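Single-structure report; data block below.
Read-outs: derived from the displayed coordinates by stated rules, not from any lab. Keep in mind that this is a model prediction, so the values were computed, not measured. Glycine gets a Cβ as well: all are built from the backbone with ideal geometry, and neighbour counts include every protein chain shown.
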Amino acid sequence: MNRVVAPSILSADFGNLNRDTEMLNRSAAEWVHVDVMDGVFVPNISFGFPVLKAVKAVSTKTIDTHLMIVDPIRYVEQFVGAGSDYVTFHYEAAEDISATIEAIHNAGAKAGISIKPKTDVAVLEPWIESVDMVLIMSVEPGFGGQSFIPASLDKVRELRRMIEEHKTECIIEIDGGISATNAAQVYDAGVDVVVAGSAVFCAEDPEAEIVKILDSKL
Ligand code: DX5
Ligand code: ZN
């Protein structure tokens with residue numbers, strides 16, 4: 001898979017969401033990352049369906065929804081209905097992982113599963129052939145603008161090995177603390193999709209920053 005960047009609208013200007021979504025439409029980013037936080041699974045509340053629908057109404061990109069909520073199966077259908085192409089939920093937050101994956105697929109979206117920095121990659125092995133994507137959190141979920149945890153690179157390499165052993169198509173996404181200065185390292189470790197929030201939206205020229213991330217070299 002070619003390198004993909006997924007700017008996180010968590011760091012967008014919500015007073016100018018159409019403008020920022022249109023900027024992403026013009027940009028080289030193929031995906032838009034949508035962070036949903038419930039204030040229970042993570043110590044922060046972001047936004048829900050109305051904001052997702054507003055982005056979807058304008059966006060021409062793949063909508064990549066990251067659910068940081070407890071018991072995610074309750075809301076899968078609504079998140080797919082509101083325009084998600086991918087719905088990713090947390091391993092730590094779901095009671096029945098197989099049922100959650102199945103609910104996402106039945107609703108018509110691709111399914112991702114995510115693990116927090118302290119969760120071992122090996123726990124995902126039973127579902128590696130059922131999910132379309134694994135999201136490795138490279139910061140504690142909850143906030144943009146944190147520093148990348150370097151041990152995440154080993155987790156990506158281990159996950160890549162697991163995917164190859166199972167000869168499955170699952171892609172790898174990484175989220176948290178990534179900018180043009182460390183993007184090459186994560187792509188090199190085996191990541192397909194890089195999420196970038198503050199690096200893109202705090203840049204003077206966000207479109208140029210997206211290109212820098214995609215073109216970054218070791
Ligand atoms: C954190 C979110 C991230 C966040 C990344 O819980 O899942 O997607 O927006 O922001 P940066 O790129 O600023 O670390
Ligand atoms: Zn995210």
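The figures follow:
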| read-out | value |
| --- | --- |
| Low-density loop cleavage sites - GluC sites (Glu not before Pro) in segment 17-110, where at most 10 other Cβ are within 10 Å (DSSP) | Glu95 |
| Packing-based exposure ordering (other Cβ within 10 Å, fewest first) of Met133, Met1, Met162 | Met1, Met162, Met133 |
| Span from the segment 193-218 Cα centroid across to the segment 160-192 one, whole angstrom | 16 |
| Under 5 Å, built H, 5+ apart or other chain: amide partners of His90 | Ile69, Ser114 |
| The chain, helix-only ellipticity at 222 nm - DSSP H runs n ≥ 4, -39,500 (n - 2.57), divided by all residues, nearest 500 | -9500 deg cm²/dmol |
| Amide hydrogen neighbours beyond the local backbone of Ala196, cut-off 5 Å, H modeled | Ala6, Ser8 |
| Cleavage-rule hits (trypsin sites (Lys or Arg not before Pro)) in segment 114-218: DSSP loop, at most 11 neighbouring Cβ within 10 angstrom | Lys118, Lys167, Lys217 |
| Under 20 Å between alpha carbons - lysine pairs in the chain that sit 8 or more apart or on different chains | 9 |
| Loop-located GluC sites (Glu not before Pro) in segment 154-196, at most 13 other Cβ atoms within 10 Å (DSSP) | Glu169 |
| Student exercise, the chain dipole from Lys, Arg, Asp, Glu Cβ charges, in Debye to nearest 20 | 300 |
| Cut-off under 5 Å, modelled amide H: who pairs with Gly83 long-range | none |
